[in-house]
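The values are calculated or read from the model by the stated rules, or taken from the named source; none is laboratory data. Keep in mind the model is a prediction, meaning the values are calculated, not measured. As a convention, Cβ positions derive from the backbone with ideal geometry for all residues, glycine included, and neighbour counts pool all protein chains shown. Calculation scope for accessible area: heavy atoms of the full protein, side chains included, ligands and nucleic acids excluded. Shrake-Rupley method; radii C 1.70, N 1.55, O 1.52, S 1.80 Å.
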Amino acid sequence: MITKLNYLNFWPKVLTSYLIIAVLSNLFFKNSSSTSLSLLIGLIWLVAFFKFLQPTLDKISQQTLNYFLIISLFLVIILQSWILIKFPVSVFHDPYRVLTAAERLAASDPNWQQSTYFERYPNNLPLTFFLSLWFKLTFKFHLTTNFALGALNLVCLDSLIISIILMLKKLAARNSLIIASLAFLVFTPFAYSYYLQIFYSDLPAMLGLILIFQILLSWKNPTVNQKFWLALNLFIVTLISQLIKPNLIVILPAILLYILILKQQKLLKTSHLLTPLIIIILAISLSFPTAKIIEQTVAFQPKSKAELPVESWILMGLNQHSHGTYDAALIAQELKMPTKAARQQNDLKKIKAQIHRLKMVGLFKQWLIKASILLNVRSFLTWYNGGLRSASTNLWNWQKIASFIYQLANVLLAAVVCLRLLSWQPQLENAHERVALLAVIVSLGLLSFNTFLWETEARYGQIILPLNFLLLGTIPLKQTKFSKIQVKKIFLISVIILLGISGGNWSKLSSSNPGSHIVTAQRSQLSNQYDPPTYDLKANACLKQKISFAHRVNLFWLELPKTSSITGWLTNDNHHYLLSRQGKHFGINKTLTPGKYLLILKNPTNTVQKIDLSRNINYQLATYPLQINHQTDYHASLIYQALYVSR
């Protein structure tokens, strides 16, 4: 029979297993032996440095601490603004398709037939709608889309950082914990790369999650007036978060399980959490009709012909070839089927066959690999980032250092939370520990969803980051002393995880050649898989666009339909380089010196030729605008990439 104490300890121990995977994955996954060793040494140094400073930091007065936090955040905002101006990136994949549709929606010209993207993924429609409202406001002040996106990212990201710090100031007994958390949030790439430079659902979802838990922490004995405003805020935040990030639906079963635990512990009434939990359930439930209202508001007509069934995502999660990640080849096969129902029936057969083929050992290995991908941040700087508009050797070196720092910071955070969970004996009579247990269960739901059921990506695991900080603040700090049996258990789990994930062929998972560096890029596009419109280049007409290389280039390509008969070349003051068909691309495989070049495309035929280009209403895509027959379009660009490949 499971004792009351063991029953409560079960959930933290399961989350501990995930955190062990996070530590091992970031230490060893796709890393060279020298990188892994450097991470281990860096981890030891960080812990030693923190232990050395901890007594001094804990003695700092609250006034000094407040001054330090305010000055730090002020300097962070200045640095973030400089990065947004100085180092714009090429936004591609889903975030670009969302911002393009939001622009058109803000301009009252949605044109949902521009591509089949939203027919396939209507779940991103609410995010597009909310973003369009922001664009409508900024357009009234004649601000560019680039400025609007940068400002929105800045507000959301810094609101998340400030919310976490304010939460810890209320919860943490030690100044050192607050300062260490601030260091993670503002002295690592967390505040300066993906979440700052690219707007997508991940950041608003994280912000929504921490706000929800802050309200739960505040729900002790509020007055009637306070209760009304807390309830209203909780409902709105939950509703918007669920609309923006539909995967947060896993909060629903997590809350139901949590209510059962409180009832079993006879704490449901005295906990004062039943009302806010019901509000969260209500908000999530109402998100579905609200999504339908948004569809009607923006005149969007769902078409099941292009939509993927739920089973497609489950099948991708079982795919050994892609290690449970998004599989474009599988989607291409799915879309050849005439209807959504046909895809669903086909997927169900394949899911059953795949489970039978994998058996229990194969499934366990697949889940371990998926979890290791889910919790790995090695590629953090490249998420939805097609490359900087201009990059040099110095910047590449800084990016390597930044990636190392973020991996190290995540290893340390996961390890510290893991140690706290291992020593935690949940006391649900304590209000903070009650909320901590809910955070544990919600974290497990979010991670388990993408481990056992759905397809997985490294981005998805970062959703629990705010909850990790909440656990640091709410779980009481104890001197952790492990028995020999506990040490053996941790060691055994670590060995099993390492053996499981080492069975994967990690080289296939690498997103790019480690010796390949992007010098300049403009990869924002609606993508051919979604049937976007192409530009008709008239007979004898030409396109021109300036491109600047801050480093020498030995591979340049641009998107061009295979059927197009186009002549193209790169030219500078001294040379003319003829472009030719390079596999699926059109470009040149030759060393080009740093400097400014003019990219010219000409239609030498007497018939119209198709050209791939990206065009927006108010969004500047590249450093230099596109010229179409001597007419300048500042919001249009060809789709290209310049690389330096080490050989």
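Once the stretch 351-371 is narrowed to residues that are open to solvent by 60 Å² or more (accessible area, probe 1.4 Å) and β-branched (Val, Ile, Thr), the residue that is farthest from residue 319 (Cα to Cα) is 361.
Starting from residues that are of a type in the set (A, V, I, L, M) and over 18 Å from residue 292 (Cα atoms), keep the ones in the stretch 231-247 and report whichever is least open to solvent (accessible area, probe 1.4 Å). Ranking the qualifying residues of the stretch 231-247, first place goes to 234. Which ones in the stretch 564-579 are surrounded by fewer than 20 Cβ atoms within 10 Å (Cβ to Cβ) and touching a strand residue (DSSP E or B) at 6+ places or on another chain (Cβ under 7 Å)? If the condition is that a residue be surrounded by fewer than 20 Cβ atoms within 10 Å (Cβ to Cβ) and touching a strand residue (DSSP E or B) at 6+ places or on another chain (Cβ under 7 Å), then 564, 565, 567, 569, 571, 572, 576, 577, 578 are the ones that fit. Taking the numbered list (1) of a type outside the set (Gly, Ala, Ser); (2) free of Cβ contacts under 8 Å to residues at least 40 places away in the same chain; (3) in contact with a Phe, Trp or Tyr (Cβ under 8 Å, 6 or more places away or on another chain) in turn, residue 228 passes all entries but (3).
For residues that are among the aromatic types (Phe, Trp, Tyr) and open to solvent by less than 20 Å² (accessible area, probe 1.4 Å), scanning just the stretch 185-230, find the one that is nearest to residue 269 (Cα to Cα). So that I can check it myself, show each step before the final result.
The initial filter retains those residues of the stretch 185-230 that are among the aromatic types (Phe, Trp, Tyr), namely 187, 190, 192, 194-195, 199-200, 213, 219, 228-229.
Among the residues that remain, those that are also open to solvent by less than 20 Å² (accessible area, probe 1.4 Å) are: 190, 194-195, 200, 213, 219.
Numbers: 190: 40, 194: 42, 195: 39, 200: 39, 213: 19, 219: 13 Å.
Restricting to residues being among the aromatic types (Phe, Trp, Tyr) and open to solvent by less than 20 Å² (accessible area, probe 1.4 Å), the top hit is 219.
Among the residues of the stretch 401-443, those that are farther than 16 Å from residue 472 by Cα, in contact (Cβ under 8 Å) with a residue 60 or more places away in the chain, assigned to a helix (DSSP H, G or I) and out of contact with any Gly (no Cβ under 8 Å at 6 or more places or on another chain) comprise 402, 403, 405, 406, 407. Evaluating residue 199 against the criteria (1) more than 26 Å from the chain's Cα centre (by Cα); (2) closer than 23 Å to residue 248 by Cβ; (3) outside any helix (DSSP H, G or I) leaves one unmet condition, (1).
Scanning the stretch 301-319 for residues that are part of a loop (DSSP other than H, G, I, E, B) and modelled with pLDDT of 90 or more yields a single hit, 319. The one condition from (1) within 30 Å of residue 86 (Cβ to Cβ); (2) within 29 Å of the chain's Cα centre (by Cα) that residue 552 does not meet is (2). Taken over the stretch 339-350, the criterion of being open to solvent by 20 Å² or more (accessible area, probe 1.4 Å) and in a helix (DSSP H, G or I) is satisfied by 340, 341, 342, 344, 345, 346, 348, 349, 350. Among residues of the stretch 280-307 being among the β-branched types (Val, Ile, Thr) and open to solvent by 30 Å² or more (accessible area, probe 1.4 Å), the one that is farthest from residue 441 (Cα to Cα) is 297.
Restricting attention to the stretch 629-644, does a residue exist that is polar (S, T, N, Q), surrounded by 17 or more Cβ atoms within 10 Å (Cβ to Cβ) and outside the structural domain of residue 86 (by the TED database)? Checked against the condition, which is being polar (S, T, N, Q), surrounded by 17 or more Cβ atoms within 10 Å (Cβ to Cβ) and outside the structural domain of residue 86 (by the TED database), the stretch 629-644 yields at least one hit. Taken together, 367, 383, 396 contain a single residue that is in the same structural domain as residue 16 (by the TED database) and in contact with a strand residue (DSSP E or B) (Cβ under 9 Å, 6 or more places away or on another chain), which is 396.
Here residue 599 clears all of (1) in contact with a His (Cβ under 9 Å, 6 or more places away or on another chain); (2) in a strand (DSSP E or B) except the condition numbered (1).
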